[in-house]
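For reference, the structure discussed in these notes is given below.
The values are calculated or read from the model by the stated rules, or taken from the named source; none is laboratory data. Computed from a predicted model, the values in this text were never measured in an experiment. Counting neighbours? That spans all protein chains shown, and the Cβs are built from the backbone with ideal geometry, glycine included.
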Amino acid sequence: MLHTGRESGAGHESHSAAVESGPDRATAIAHPNIALVKYWGKRDESLMLPVTDSLSMTVDIFPTVTTVSIDPQLRADTVIFGEEPAPEHIRARVTRFLDLIRELAGASGHAVVHTRNSVPTGAGLASSASGFAALALAAATAYGLRPDPTTLSRLARRGSGSACRSVHGGFALWHAGAGWGSDGDHSSYAEQLYTPEFDPAMVITVVDNRAKRISSRDAMHRTLSTSPLYLAWANTCAADIAGIRAALGCADLDTIGRIAEHNALGMHATMLAARPPIRYLSPKSVAVLDRILHLREQGLCVYATVDAGPNVVALCHDSDAVAVAAALGAAGEHIRTFIARPGPGAALVAGGGA
Ligand code: PMV
């Protein structure tokens, strides 16, 4: 059973599809993660090695379910998104990723990849993170690899950097790692962070669900190569991670939120200073950011973070989430809100299918 995002004020939608499973076929589910200290910039674009460490929360909504079925008769991989064949650039990206898995497994057969996303694709809501975490687990299993979570995290990273954090449930820290080549590859993975009992929630606002005009990959590249602010921001990330780790240890949501907000806005500042500039924030994003500030002035513990898109995410206590969602939904026309809590890591779905 797969639950789509819980839209605040609306009930759960759900759907399921049972398919057979066999030795060359596997289905996996994974959820998006929202970074509190962002990953922005690669030191190696082909191995997906980041410049800085990052830290995120995996959420319990908007899962991706992916089935990989090996078919030796196929002459190329087939990729299906929902009911439709995926666009060629996505098929090519999936094939490059499957080539990596096939090389590790010493296998050669092509596969049918069937994937269902319940998050608006390309809207800055981390669909690539849940997508590549689910694909890494389903493909590795179908091709006979049995990766432990650290190895799976390294593999998912090669598909989309932030996917390495969706391998884990709850909070995860992605170590940038050190060095280049195989040293860099080996040392760059996400680890799960264990926290005391506490009640964080995220209110995800969708102000615009169209695919973004510039991909995070291109935007990162341009920021790193042209923004005079990039290094100043990157140099703050280690202290931000240390601060959030300490605050997670004592469930101090105010400190977590304050650091997450300045880290995210700092990342957007690096992009605004790129040449030509990259601006993901829209007037509606700014209206939501203003609302968050207003709620805070009224005494609520609520802070903002924003990925590479216009959709602002508010971090708050679970007990305040419904009120926060109502206030943010009223910040402008056609703003949808979804409430998320810490979610599970990537998992195989027994006998299930996308
Ligand atoms: O993994 P990518 O290429 O989708 O990059 C994600 C980058 C951000 O979402 C903006 C930040 C992050 O750490 O998730």
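Details
- Residues (touching a residue at least 12 places away in the same chain (Cβ under 8 Å) and within 11 Å of the ligand (Cβ to nearest atom)) located in segment 218-241: Ala219, Met220, His221, Thr223, Cys237
Each row is one residue, and each column tells you yes or no for (1) within 16 Å of the ligand (Cβ to nearest atom); (2) more than 22 Å from Ser118 (Cβ to Cβ); (3) within 14 Å of the chain's Cα centre (by Cα); (4) of a type in the set (D, E, K, R).
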position: Lys38; (1), (2), (3), (4): yes, yes, yes, yes
position: Arg43; (1), (2), (3), (4): yes, yes, no, yes
position: Met48; (1), (2), (3), (4): yes, yes, no, no
position: Thr58; (1), (2), (3), (4): yes, no, yes, no
position: Asp77; (1), (2), (3), (4): no, yes, no, yes
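- Residues satisfying the criterion are absent from segment 306-326 (criterion: surrounded by fewer than 16 Cβ atoms within 10 Å (Cβ to Cβ) and without any contact (Cβ under 8 Å) to a residue 12 or more places away in the chain).
- Strands (runs of 3 or more DSSP E) contained in segment 30-129 and holding at least 1 residues surrounded by 22 or more Cβ atoms within 10 Å (Cβ to Cβ): 33-37, 54-58, 64-70, 78-81, 111-117
- Scoring Ile241 on the criteria (1) surrounded by 14 or more Cβ atoms within 10 Å (Cβ to Cβ); (2) in a loop (DSSP other than H, G, I, E, B); (3) not charged (D, E, K, R) leaves a single failure, condition (2).
- Hey, Ser108 among the hydroxyl-bearing types (Ser, Thr, Tyr) and over 20 Å from the mean Cα position of the chain (by Cα) or not: yes
- Search result, residues across segment 126-155 that are within 15 Å of Pro63 (Cβ to Cβ) and within 15 Å of the chain's Cα centre (by Cα): Ala126, Ser127, Ser128, Ala129, Ser130, Gly131, Phe132, Ala133, Ala134, Leu135, Ala136
- Residue within segment 265-286 that is buried (at least 19 other Cβ atoms within 10 Å of the Cβ), more than 15 Å from the ligand (Cβ to nearest atom) and either within 19 Å of Trp40 (Cα to Cα) or touching a residue at least 40 places away in the same chain (Cβ under 8 Å) (or both) present: yes
- Number of the condition not met by Lys212 [criteria: (1) more than 15 Å from the ligand (Cβ to nearest atom); (2) out of contact with any strand residue (DSSP E or B) (no Cβ under 9 Å at 6 or more places or on another chain)]: (1)
- Taken over segment 192-206, the criterion of being within 16 Å of the ligand (Cβ to nearest atom) and of a type in the set (Val, Ile, Thr) is satisfied by Ile204, Thr205, Val206.
- Of all residues in segment 78-103, those that are hydroxyl-bearing (Ser, Thr, Tyr) have Cβ atoms under 7 Å from Cβ atoms of residues that are surrounded by fewer than 18 Cβ atoms within 10 Å (Cβ to Cβ), 6 or more apart or on another chain, in Thr78/Val112.
- Looking only at segment 207-225, and only at residues there that are among the polar types (S, T, N, Q) and exposed (fewer than 15 other Cβ atoms within 10 Å of the Cβ), the one that is nearest to Tyr280 (Cα to Cα): Ser215
- All of (1) within 16 Å of the ligand (Cβ to nearest atom); (2) more than 25 Å from Asp44 (Cβ to Cβ) hold for Thr141 with one exception: (1).
- For segment 275-283, the criterion of being closer than 23 Å to Asp199 by Cβ and at pLDDT 95 or above is satisfied by no residue at all.
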